[in-house]
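Written out below as structure tokens is the structure these notes cover.
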Amino acid sequence: MLIVLLGFWCAGIALLLAGTTVGMYALALGRVPGRRLQRNVEHPRVWGAGALLLVAGVFFSRTVALIGAGLITLGYVKKPTFDY
């Protein structure tokens, strides 16, 4: 039982570190890692800020995590085109 709990704790720490790293990368450089994300994310700095807030929401509050999830969603929004 203790080994399972320790495994979950280590996996959680690894996810927090990965989320922080990807968020800082996107926020600082203005691009996201990976081909799939680069094709889909239109606003990488907004996406990176959202990733950082989502990770911070684990420690602070659900509201911060919800704002982070909203910013990640806004990072995917495409610019409107008016082709008539």
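The values are calculated or read from the model by the stated rules, or taken from the named source; none is laboratory data. Quick caveat: nothing in here was measured; it's all calculated off a predicted structure. Note: ideal-geometry Cβ built from the backbone for every residue, glycine included; neighbour counts use all protein chains shown. Note: areas computed on protein heavy atoms with side chains; ligands, DNA, RNA excluded. Shrake-Rupley method; radii C 1.70, N 1.55, O 1.52, S 1.80 Å.
Some observations on this one:
- Neighbours of V22, meaning other residues whose beta-carbon lies under 14 angstrom from its beta-carbon, give a summed charge of +3 when Lys and Arg score +1 and Asp and Glu score -1.
- Residue-wise HN-Hα couplings along the stretch 68-73, as the Karplus relation 6.51 cos²θ - 1.76 cosθ + 1.60 with θ = phi - 60° gives them from phi, are x, 5, x, 5, 5, 5 Hz; Gly and Pro carry x.
- For the chain, the longest principal axis of the alpha carbon atoms and the long axis of helix 2-29 meet at an angle near 30°.
- Cβ-derived FRET efficiency at R0 22 Å, R36 paired with F59, nearest 0.05: 0.20
- Ordering A11, V58, T21 by Cα displacement along the dipole of the chain toward the positive end leaves T21 in first place; charges were set at the Cβ atoms of Lys, Arg (+1) and Asp, Glu (-1).
- Accessible surface calculations at 1.4 Å, restricted to protein heavy atoms, place the stretch 11-62 at 66 Å² per residue.
- Ratio Rg/Rh [Cα only; Rh per Kirkwood] for the stretch 12-67: 0.99
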